[in-house]
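Student: After the C-alpha cells below, expect a handful of questions from me.
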Amino acid sequence: MNIFRFLGDLSHLASVFILLYAIEQNRSINGLSLKTQALYVVVFVTRYLNLFTKFYSLYNTLLKIVFIASSIYTVYVMVYKYHKSITNHVDTFPVKYLLGGSVLASLIFTHKYTPGEIVWSFSIWLEAVAILPQLFILQRTGEAENITTHYIFALGLYRALYIPNWIYRYFAEGHLDYVSVLAGLLQTAIYSDFFYIYYNKVMKGKKFELPV
C-alpha cells in the first residue's frame, strides 16, 4: 500500500457514489450506459473469484465486497427501478468485440497459463475498455450532465493514479506487474480525450459538450 494506490482507491469509491447519487438525483439513467455497468459486473466478479479463498487484509476484502456489490446494485437499479429511461437506441456499442478482445489479450498477456491467472488477466483487460460504451454515448449525444462527467472523471482518475503506484512499487519493492501496467496505460489513453474536454469545459464551469 502507498499513497498513490490509496488515492486511486478513494477515487474509485468516489466514482461509485457519484454514479449512484446521479441516478437518484435525476431519477433517471438517461445518458448512462447499461452496457458499461454490466461489463463492470463481469470485471469485478471475475477479478475477485478469490474473495473467500485468499485473505490479504480487511481493507482489501472490504473493497472487493464493495465493488462487486455496488456494480451489481447499479445494474439492478438501472434495469428494474429506472428501466423506462434506458436508451437502447443510443447504447449500441458492440460489446462482443470488447469481450472477445479481452479474452484474446488475456491469452497473450498473462503471468501464468492457469485458469485463475487467465481469468484475472481477462478482468484487467476488460476493465481497460469497459468505459467505451459510455464514451460512445457521450460522442453520439454530444453532451452530458456535469455530474455524469464527474463520475467518468473519477473513474478515469482512479486508474491514472495507479500509474505512479506502479512506478513507486517498481523502485521501492522491485515489483512490476506488466499486465496491469499495459492495461492501465491503454485505459488512461482511452480517457485522454475525455480528460482534455473535461478540463476545458467542466473545470471552467461550462457544460460538457461535444460536436455530434
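The values are calculated or read from the model by the stated rules, or taken from the named source; none is laboratory data. Owing to the predicted nature of the structure, the values given are computational and were not obtained by experimental measurement. Heads up, the Cβs are rebuilt from the backbone with ideal geometry, glycines too, and the neighbour counts pull from every protein chain shown. Ligands, DNA and RNA are excluded from the accessible area calculation, which covers all protein heavy atoms including side chains. Shrake-Rupley method; radii C 1.70, N 1.55, O 1.52, S 1.80 Å.
Student: I'm trying to understand the selection: among the residues of the range 66-95, which are under 17 Å from the mean Cα position of the chain (by Cα) and open to solvent by 80 Å² or more (accessible area, probe 1.4 Å)?
Tutor: Hits for the range 66-95 are I72, Y73.
Student: List the number of the failed condition for S11; all other conditions in (1) open to solvent by 20 Å² or more (accessible area, probe 1.4 Å); (2) assigned to a helix (DSSP H, G or I); (3) small (G, A, S) hold.
Tutor: S11 satisfies every listed condition except (1).
Student: Determine whether the range 163-170 contains at least one residue that is buried (at least 17 other Cβ atoms within 10 Å of the Cβ) and in a loop (DSSP other than H, G, I, E, B).
Tutor: no
Student: Scan V43, V90 and give me the residue that is assigned to a helix (DSSP H, G or I), of a type in the set (V, I, T) and either closer than 20 Å to A22 by Cβ or at pLDDT 95 or above (or both). Walk me through how you get there before you give the answer.
Tutor: Details: V90 fails: assigned to a helix (DSSP H, G or I).
The conditions single out V43.
Student: Against the definition (modelled with pLDDT of 90 or more and within 18 Å of A154 (Cβ to Cβ)), how does S106 come out, yes or no? Can you show your working first?
Tutor: Values: modelled with pLDDT of 90 or more: yes; within 18 Å of A154 (Cβ to Cβ): no.
When the stated conditions are applied, S106 does not pass them.
Student: Next question, about the same structure. Somewhere in the range 104-118, is a residue under 19 Å from the mean Cα position of the chain (by Cα) and in a helix (DSSP H, G or I)? Steps first, please.
Tutor: Going through the range 104-118, the residues under 19 Å from the mean Cα position of the chain (by Cα) turn out to be 105-106.
With in a helix (DSSP H, G or I) added as a condition, the list becomes 105-106.
For the range 104-118, residues under 19 Å from the mean Cα position of the chain (by Cα) and in a helix (DSSP H, G or I): present.
Student: Does F109 count as closer than 13 Å to I190 by Cβ and open to solvent by 60 Å² or more (accessible area, probe 1.4 Å)?
Tutor: Working: closer than 13 Å to I190 by Cβ: no; open to solvent by 60 Å² or more (accessible area, probe 1.4 Å): yes.
No.
Student: Quick check, is V43 of a type outside the set (G, A, S), within 27 Å of I147 (Cα to Cα) and touching a Ser or Thr at 6+ places or on another chain (Cβ under 8 Å)?
Tutor: Yes: the conditions hold for V43.
Student: Can you tell me which residue among A189, A172 is touching a residue at least 60 places away in the same chain (Cβ under 8 Å) and either of a type outside the set (V, I, T) or within 22 Å of Q37 (Cβ to Cβ) (or both)?
Tutor: Values: A189 fails: touching a residue at least 60 places away in the same chain (Cβ under 8 Å).
Of A189, A172, the one residue that is touching a residue at least 60 places away in the same chain (Cβ under 8 Å) and either of a type outside the set (V, I, T) or within 22 Å of Q37 (Cβ to Cβ) (or both) is A172.
Student: Being part of a helix (DSSP H, G or I), of a type outside the set (G, A, S) and open to solvent by 60 Å² or more (accessible area, probe 1.4 Å) is true for just one of Y191, Y199, Y158. Which residue is that? So that I can check it myself, show each step before the final result.
Tutor: Values: Y191 fails: open to solvent by 60 Å² or more (accessible area, probe 1.4 Å); Y158 fails: open to solvent by 60 Å² or more (accessible area, probe 1.4 Å).
Just a single option satisfies the conditions, and that option is Y199.
Student: Between residues in the range 1-30 that are over 20 Å from E145 (Cα atoms) and residues that are of a type in the set (A, V, I, L, M, F, W, C) and open to solvent by less than 40 Å² (accessible area, probe 1.4 Å), which pairs lie under 6 Å by C-beta distance while being six or more apart or on different chains?
Tutor: F4/L161; L7/L161; G8/L161
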